[in-house]
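A short worksheet on the structure shown next.
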Amino acid sequence: MIISNPVLPGFHPDPSILRVGTDYYLATSTFEWYPGVRLHHSLDLVHWRPLGGVLTDQLDMTGNPDSGGVWAPCLSWADGVFYLVYTDVKSYSGFWDTPNYVVTATSIDGPWSEPVPLHARGFDPSLFHDDDGRSWLLSNRTDWRPGHPWANGIIVQEFSRATGRLVGPVFDLYSGTAAGMTEGPHLYAKDGWYYLITAEGGTEWFHQATVARSRSLLGPYETDPGTPLLTSVHRPDLTLQKAGHGSLVSTPDGEWYFAHLAGRPLTPRGRCVLGRETALQRVAWTADGWPRIDGGIPHDEVPGPDLPAHPWPDEPETDDFSSLGPHWSTLRRAAHSDWIAVGGGSLRLVGGRSAGALSGESLVARRIQHRRATFEATVLFEPAGYQQMAGITAYYNSRNWYFLRIGWNEEAGAIVDVLASDRGRVTLIAPAVPVSGPTRLRFDLDGDALLASCGDVEWGPFDAGVLSDEHAREFDGNGPRTWGFTGAFFGLWSQDLTGGGLPATFSAATYKPQP
């Protein structure tokens, strides 16, 4: 078998990989999207199926900034219990508010416990369960002070599995290399060594994975003289860029793999519309005990493990909305019956707030996972004023999106047109088309071009690069005003700015990759 990268295309960053018996699990970041922490499952490391998300009512992301929310989860297992630690980032501009939590379950399918708070000294938490029965929480440490590096090393503190709480002192574990911005720690024990894997260089073009080891858990740690384990910084020609931030897994027969994030720019060092994705690389160990990836670079294809192939059924292109499937996410609030209903072949959304509200949005969306794809849905909506609108969206964050919508104006009543937001500047694209009754709306994505259509009427093409991390990042004198860590979505969106909650009904929502 061959592993074709990325194994999780589209917005699936910061992978934490875990094997329990013959089952492999990947947990990835979800940021401001519910359910928090997306899980995938495999039996062969080649074929993966979505299990959905873990965190619903355990999260309150009201008002979370764009690219805040759930960062870099770590999934682990000990004594028959799954542990999931994560950060819910509340701010990253000037100061850092990074509370960390742990939830547990005896089954990967849940139910998951209520979150227990840990510390907020930094982000990217991970749990390491040692053979002596003790467990340890690692994270980076953030520093808000002007003139200080914001990520200044890895810290560790003992975690009591009996009480679910941190105990004892905090130790400085590793200060990192000259690449800087040391984060994303994961710890492993092998052949008498403790191996520390970190992400460095920032999660952009200078990203890398670094390895250090020690005979003692608390150090000191020696950096691998062959570092980095993985990077694409010197190879802009590679398909997979931004390679770094990852974790190790071994098969029962001792084959090792490294799950890591990567981005696929449309042009060399250009914009990554699909966001940061998850890839797998094969790992070999040197005679003196260091892990190595062939060439230290990410490969598009790698040999799979010696395991039986286990493909999963294909996902239907058209959703019958018998339930809200695992490919759907909701923005900043969990999918509760007070604003969303599924069944009978349709999805009903009570009109919510605008994108700029950062709370109360009625948006249900799915990741765009292909460079060429179409998305369409039938919308039934009867607006009575210009503050009511519903339709389909190509969405990145609150400041960058396209909205093919049924709206209203004084001249024609109900109409279809396109709203666009580019770094917060909203424009209305004319001409509008009068409509009535159920209306079929469609987006066509082709690389960096996005076309909107309703019947025989087309708008565009528009710049799909607006829906990328690279375009979304905005800075001011105090640091990042808006960061970009997610990816593009197609979605179903209903707004009623009157507060009246006028509902919209969606049916036959279809996502189809194109060759």
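Values computed for the structure shown
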{"item": "The range 202-237-the range 111-144 distance, computed between alpha-carbon centres (Å)", "result": "21"}
{"item": "Value of [θ]222 nm, deg cm²/dmol, for the chain, DSSP H segments ≥ 4, -39500 (n - 2.57) each, nearest 500", "result": "0 deg cm²/dmol"}
{"item": "Peptides ranked, highest mean first, by Cβ atoms within 10 Å: ranges 446-455, 326-335, 464-473", "result": "464-473, 326-335, 446-455"}
{"item": "Positive dipole terminus of the range 3-77, leading residue within Val46, Phe11, Gln58 (C-beta point charges)", "result": "Val46"}
{"item": "Check: the chain dipole with +1 on Lys, Arg Cβ and -1 on Asp, Glu Cβ, in debye", "result": "600"}
{"item": "Length-normalised contact order for the chain - Cα pairs under 8 Å, 6+ apart - percent", "result": "14"}
{"item": "Value of relative contact order over the range 346-426, rounded to a whole percent, pairs C-alpha under 8 Å and six or more apart", "result": "21"}
{"item": "Residue-normalised accessible area of the chain, expressed per residue, 1.4 Å probe, Å²", "result": "37"}
{"item": "11 Å beta-carbon shell around Ile3, net charge (K/R +1, D/E -1)", "result": "-2"}
{"item": "Identified option (computed Kirkwood radius over Cα pairs in Å; candidates (1) 32.2; (2) 23.5; (3) 30.2)", "result": "(2)"}
{"item": "For the range 327-398 and the range 50-71, distance of Cα centres in Å", "result": "17"}
{"item": "Under-5 Å amide H pairs with Val20, H placed in peptide plane, nonlocal only", "result": "Tyr25"}
{"item": "Calculated from backbone phi, Karplus (6.51, -1.76, 1.60) coupling profile of the range 9-24 in Hz, x at Gly/Pro", "result": "x, x, 4, 8, x, 6, x, 10, 10, 9, 10, 10, x, 9, 9, 10"}
{"item": "Simple label model, 7 Å out from Cα along Cβ direction - Val457 to His148, nm", "result": "5.7"}
{"item": "Low-density loop cleavage sites - chymotrypsin sites (Phe, Trp or Tyr not before Pro) in the range 115-169, where at most 15 other Cβ are within 10 Å (DSSP)", "result": "Trp144"}
{"item": "Cut-off 20 Å (backbone N to label point 7 Å along Cα→Cβ of Phe475), residues of the range 161-204", "result": "178-183, 200-204"}
{"item": "Amide H contacts under 5 Å for Val89, placed H, 5+ residues apart", "result": "Gly69, Val70, Trp71"}
{"item": "Residues whose placed amide H lies under 5 Å from that of Ser232, excluding near-sequence neighbours", "result": "Lys242, Ala243"}
{"item": "Potential lengthening between Ser4 and Ala430 on full extension [0.36 nm per residue; Cα-Cα distance subtracted]", "result": "149.1 nm"}
{"item": "Positive-pole candidate from Ser362, Ala341, Thr374, dipole of the range 338-381, charges at beta carbon", "result": "Thr374"}
{"item": "Accessible carbon and sulfur surface of the chain relative to its total accessible area, %, 1.4 Å", "result": "51"}
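The values are calculated or read from the model by the stated rules, or taken from the named source; none is laboratory data. Since the structure is predicted, the reported quantities are computational estimates derived from the model, not experimental observations. Virtual Cβ from ideal backbone geometry, glycine too; neighbours counted across all protein chains shown. Surface areas here come from the heavy atoms of the whole protein model, side chains and all, with no ligands, DNA or RNA. Shrake-Rupley method; radii C 1.70, N 1.55, O 1.52, S 1.80 Å.
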